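What follows is calculated from the coordinates using simple rules that are stated; it is not laboratory data. Keep in mind that what you see is a predicted model, and the values were worked out from it rather than measured. Neighbour counts are summed over all protein chains in view; Cβ atoms, including those assigned to glycine, are modelled from backbone coordinates with ideal geometry.
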There are 2 protein chains.
Amino acid sequence: MKNVTIVGTGLIGASIGLALREAGFAGGITGIDASGDELKAALMMSAIDTAARSPDEHRAALEAADVIVLAVPVLGILNWMRQMAPHMGAHQLVTDVGSTKTRIAELAQELMPGRCLPGHPMAGKESGGAALAEAKLFRGATWIFTPLHASTEIEMSWRGWVERFGAHILDLPPERHDRICAWVSHMPQMVSTAMSAMLEDEFGDSPELRAIGGRALREMTRLGASPYSMWRDIAHTNEAPLAETLHTLEQRLQHMRENLKTAELREEFARANEFRRRIDPLR
Amino acid sequence: MKNVTIVGTGLIGASIGLALREAGFAGGITGIDASGDELKAALMMSAIDTAARSPDEHRAALEAADVIVLAVPVLGILNWMRQMAPHMGAHQLVTDVGSTKTRIAELAQELMPGRCLPGHPMAGKESGGAALAEAKLFRGATWIFTPLHASTEIEMSWRGWVERFGAHILDLPPERHDRICAWVSHMPQMVSTAMSAMLEDEFGDSPELRAIGGRALREMTRLGASPYSMWRDIAHTNEAPLAETLHTLEQRLQHMRENLKTAELREEFARANEFRRRIDPLR
């Protein structure tokens, strides 16, 4: 692996560049980003060493890369894959960091069989942008891959770098990835957005809310600050698993609502307590 | 106010004893608790100066008090009110720290008109018990009262002490208190319990959950560790407002589920973002 091109030099893309350098990668790292500012920030912090700005420069950077890392939102990843597929060489690898994997895996099988290793590092921050990028962002984090074929040499090489970032690799089928993420990430996001939106409708600028709301309120609505721009792509590309978890939650809430005064409520608390003991065994 | 008797010397009760002393209260503070250990812990840390252990000592402590503070769960508060009402003197004040107020206010009007000032300090910790009590627990916190009549002299005195604890007093009608708390505290609790219980059913001891679940999962299920013993009383005494908020959330989740690919989802995120800007204007 001599040349890497990172498409999307925001928080994750720029952190990958920094992590590569910290892990000893001595080849070229070229960045592509729709935002000139993000590209400049990534360049300034040496997350990339070359910025490809024009369509011609983009094409050259993609052609010269051994590994192309797509680090934009999911619909953007799908678009880049469609654009680059006709021009790809036999030994190039495309990998990505998208939040959902089934659609990406399907398109990869269709357009670039044998040349794509979809991935998803479980790392991030509350805010995005190259300015917050860090070489150690992936240290101790799980990095999921959804391999579509036996590993090629260039894939083994990329996996080696990811391990040198300090990440733990976990291989999953794309559908399993999307189903688990619907449960542990996408559903919690939608719940927090729903609760925040309801509270906005109910209380508006009531001073009482601010006086009475405590840690529980702040914590349960924190994700309500998340931007639609990112979640639109996730909702679009993981609709069925996400809809299923939301429907399950609606039914569970109805069950609790109808049993606020019965022993069923005790059972729900017991199940929940059990789950928390698994997650936080020391508490 | 010369003598105070605190019924329930756990986290809140013992913290009230410590806060009284720190604020300069020089009278007697007697404690009553079903747990000999909690009573002993409160005595050791000087949150109380006398422990009333037998039914006779309980009766004497309640008779001698100018202010009786009921600091047990709500159904316990209702029970103590029923027991003590026939024996109360005309100048005694009963106040409490219960999580719901309508039922307590109703019983007060029925059994001890003119002698009860229901209250609810918005303070606490993840775990209970006298061992975690602190004089500064109420500093900067909102302390809600739901007054049932024009303030009496002893009520004014108690309000003065609460202000000296560093708390901000907010007066609300009991029904308004219960409705707001259903929205900002009780509903978030039930949602976190429901999500935790669902995840326990879905994943059990799957190692994938632990590898993939991040901050969002931990945060949205943290309240799932809350004990049924406390929430049973809240669900029992605030059923209608809580059921209404849960039903509203069910409908909101259904709406989002049916609009994962439409512009309606953008609207929900925009409302949620607006709410978070009110709660955390600096972000």
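At a Cα cut-off below 28 Å, give the lysines reachable from B:K125, other chains included and same-chain residues fewer than 8 away excluded.
A:K125, A:K261, B:K40, B:K101, B:K136
R0 = 25 Å: FRET efficiency of B:L75 with B:D37, Cβ-based, nearest 0.05?
0.70
Could you compute the FRET efficiency for A:H168 and B:D171, with r as their C-beta to C-beta distance and R0 at 45 Å, rounded to 0.05?
The value I calculate is 0.25.
Applying 1/(1 + (r/R0)^6) with R0 = 51 Å to the Cβ-Cβ distance of B:M156 and A:D201, what FRET efficiency is obtained, to the nearest 0.05?
Efficiency, from the Cβ-Cβ distance: 0.85.
Find every distance from the label point of B:T248 to the corresponding label point in the other copies (7 Å from Cα along Cα→Cβ) and write them in nm, one decimal, shortest first.
2.8
If contacts are Cα pairs under 8 angstrom and at least 6 residues apart, what is the relative contact order of chain B in percent? Don't jump to the answer; show the numbers that get you there.
Numbers: 415 pairs, mean separation 46.5, N = 283.
It comes to 16 percent, rounded to a whole number.
Let me spell out the model: positive unit charges on the Cβ of Lys and Arg, negative unit charges on the Cβ of Asp and Glu, origin at the Cα centre of the protein assembly as shown. What dipole size does that give, in debye rounded to 20?
So the magnitude is around 880 debye.
May I ask you to sort A:M187, B:M45, B:M122, A:M198 by Cβ crowding, counting other Cβ atoms within 10 Å and putting the fewest first?
B:M45, B:M122, A:M198, A:M187
What is the distance in Å between the Cα centroid of region A:126-174 and that of region A:66-95?
16
At q = 0.07 Å⁻¹, what log₁₀ I(q)/I(0) does a Debye calculation on the Cα points of the protein assembly as shown give, no solvent, two decimals?
Log10 of I(q)/I(0), two decimals: -0.52.
Just want the answer: with Cβ charges of +1 for Lys and Arg and -1 for Asp and Glu, which residue in A:G204, A:H236, A:L217 is farthest toward the dipole's positive end in region A:176-279?
A:L217
When we measure straight from the Cα of A:K2, which aspartates and glutamates land under 12 angstrom away, once same-chain ones fewer than 8 places off are left out?
Output for A:K2: A:D66.
Put +1 on the Cβ of every Lys and Arg and -1 on every Asp and Glu Cβ in region B:1-117; which of B:A90, B:V74, B:T102 then has its Cα farthest towards the positive end of the dipole?
Positive-end residue among those listed: B:T102.
What does the copy distance list look like for B:S127, label position 7 Å along Cα→Cβ, in nm and ordered from shortest?
Once sorted, the set of distances for B:S127 reads 3.6 nm.
For A:M1, place a label point 7 Å out from Cα along the Cα→Cβ vector, do the same in each other copy, and report the separations in nm, one decimal, smallest first.
For A:M1, the other copies' label points sit at 6.7 nm, shortest first.
Over 32 Å apart: what share of the alpha carbon pairs of chain A falls there, rounded to a whole percent?
Numbers: 12961 of 39903 pairs.
Tail of the P(r) past 32 Å holds 32 percent of the pairs.
How much mean residue ellipticity at 222 nm does the protein assembly as shown get from its helices, if each DSSP H run of length 4 or more adds -39500 (n - 2.57) and you divide by all residues, to the nearest 500 deg cm²/dmol? If you can, show how the numbers build up before the last one.
Numbers: 26 runs with 296 residues, N = 566.
That comes out to -16000 deg cm²/dmol.
Given N residues in region B:176-279, what is Rg(Cα) / (2.2 N^0.38 Å)?
Computed over Cα atoms of region B:176-279, the ratio equals 1.22.
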